[in-house]
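Since every read-out is calculated from the coordinates, none of them should be taken as a lab result. Quantities reported herein were computed from a predicted structural model and do not represent experimental measurements. A quick note on method: Cβ atoms are made from the backbone with ideal geometry, for glycine too, and the neighbour counts reach across all protein chains shown.
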Amino acid sequence: MNFQTIPPVESSKKLLDLAFRKAREKAQANEMRGDVLKAIKRKESLKIAIINDVLTSHLNKILRDFPETEKLPSFNTKLMHLTLDFPLFKQSFGAMRWAIGKISFLQRGYKGKINQEKNRFHIGEVSREFYGRISSVVKQIDKNLQYLEAARKIMRTYPDVKDLFTVCIYGFPNVGKTTLLNKLTTAKAEVAAYAFTTKSINAGYLKIGEEMIQVLDVPGTLARPDKMNLIERQAELVLEELADLVLFVFDLSEQGGYSVEKQEQLLKKLGKDKKVLVYLSKVDLADSEALKRFKPKHCSLAEIKEEIMAKVRKE
Ligand SMILES: Nc1nc2c(ncn2[C@@H]2O[C@H](COP(=O)(O)OP(=O)(O)OP(=O)(O)O)[C@@H](O)[C@H]2O)c(=O)[nH]1
Ligand SMILES: [Mg+2]
């Protein structure tokens with residue numbers, strides 16, 4: 001599922017402005033001819049029909065533009081529960097459906113009222129009453145329209161993950177994770193000399209033999225559950241839910257700003273249920289003593305590829 005292409009959701013004010021403007025334009029273009037009472041009725045009925053069309057088609061489009069959560073892979077639904085106000089999100093679609101029904105109902109009712117009106121000077125009043133009621137319906141769902149727009153912006157940051165064997169690159173900020181992604185795959189993701197460069201989840205692909213492997217570079221995490229931001233929470237979920245194998249990037253030079261000891265603690269935190277390979281970054285900057293002292297088993301780039309292949313074959 002591609003969450004990047006959901007179009008913006010307009011506010012209630014914009015929707016109403018658009019609907020009323022379209023109605024005015026179309027009605028002006030509609031020539032007045034024949035019996036005056038009939039002509040006014042035709043014009044006003046046309047206006048309310050256009051308002052109904054514009055609003056209901058916009059609201060229906062919102063319902064179509066967002067993915068149906070029931071049909072999404074479980075990773076995506078979990079991501080939504082983690083990053084959105086899920087009850088409000090679901091309730092907002094209910095609000096769209098409610099408004100669609102209400103607007104159509106009002107349009108039918110007021111079309112009837114206009115048709116029955118005998119006094120041409122009263123028709124404008126009936127229309128205005130319709131406009132008032134429609135405005136109030138649309139304003140009632142403003143909170144929901146605004147929430148869907150906020151949710152869209154959050155969903156835009158979701159990773160476009162594929163159902164492939166998945167390797168996750170993990171480690172503290174600025175240790176060289178993205179550099180490893182670029183070395184391992186054909187990705188050309190941004191690398192920079194400061195922490196938190198990667199603000200969304202980068203994906204790269206690696207072909208070993210006939211196998212396509214997805215490599216996800218999750219943003220640097222400080223692994224503090226209480227203080228995690230949106231992307232860090234996504235990173236943790238990706239790791240838990242999707243990683244078939246974890247590549248832990250260890251910066252022995254400590255130039256990334258994290259001590260060897262701290263990095264060892266983070267490495268230990270990784271659950272025993274995942275296979276974890278350690279990759280040493282910035283060895284060119286590390287002092288040789290640190291390298292000698294370093295206990296955990298670590299792999300070269302070539303060994304990483306071999307290990308990935310071995311694991312893919314096993315699955
Ligand atoms: N000398 C040297 N520099 C490296 C090496 N690997 C990465 N760097 C540098 O370290 C800095 C951080 O690298 P990134 O790959 O952006 O690190 P990151 O872990 O993705 O960082 P965040 O996305 O911010 O978490 C960059 O300036 C890289 O050029 C290496 O092996 N040797
Ligand atoms: Mg990065």
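Across the alpha-carbon set of the chain, the Rg to Rh ratio works out to 1.23, Rh being the Kirkwood radius. The helix-based estimate of mean residue ellipticity at 222 nm for the chain, built from -39,500 (n - 2.57) per DSSP H run of four or more residues and divided by its residue count, is -18500 deg cm²/dmol to the nearest 500.
Here's how it looks for Asp251: its modeled amide H is under 5 Å from those of Ser281, which are all 5 or more places away or on a different chain.
For Arg233 and Lys38, the difference between the fully extended length at 0.36 nm per residue and the C-alpha to C-alpha distance is 64.0 nm. Against the chain, whose longest principal axis comes from its Cα atoms, helix 12-29 is set at around 40 degrees.
Rounded to the nearest 10 degrees, the inclination of helix 120-140 to the longest alpha-carbon principal axis of the chain is 20 degrees. Mean separation of Cα pairs under 8 Å and 6 or more residues apart, divided by the residue count, gives segment 165-314 a relative contact order of 25 percent.
Pairs from the table (Lys78/Lys282; Lys90/Lys113; Lys71/Lys183; Lys22/Lys102) lying more than 24 angstrom apart at Cα are Lys78/Lys282; Lys90/Lys113; Lys71/Lys183. Taking the Cα centre of the chain as the origin and placing charges on Cβ (Lys, Arg +1; Asp, Glu -1), which of Ala302, Gly209, Gly109 is farthest toward the positive end of the dipole? Of the candidates, Gly109 comes out farthest on the positive side. Listed peptides 295-301, 273-279, 49-55 appear in the order 49-55, 273-279, 295-301 once ranked by packing, highest mean of other Cβ atoms within 10 Å at the front.
Under 5 Å from the amide H of Val215 lie the amide H atoms of Val167, Gly204, Tyr205, Leu206, each residue being 5 or more positions distant or on a separate chain, with H modelled from the backbone and absent for Pro and chain starts.
Under the criterion of Cα pairs below 8 Å and six or more residues apart, the relative contact order for the chain equals 16 percent.
Between Lys90, Lys38, Lys102, which gets the highest mean-square fluctuation from a Gaussian network model of the chain, Cα cutoff 10 Å? Of the options given, Lys38 has the highest mean-square fluctuation. Between Thr5 and Lys78, the modelled labels are 2.7 nm apart [label points 7 Å from Cα along Cα→Cβ]. Shape call for segment 165-314 from the C-alpha gyration tensor, a ≥ b ≥ c root eigenvalues: rounded (a/c under 1.5), prolate (a/b greater than b/c) or oblate? Note, shape of segment 165-314 comes out rounded.
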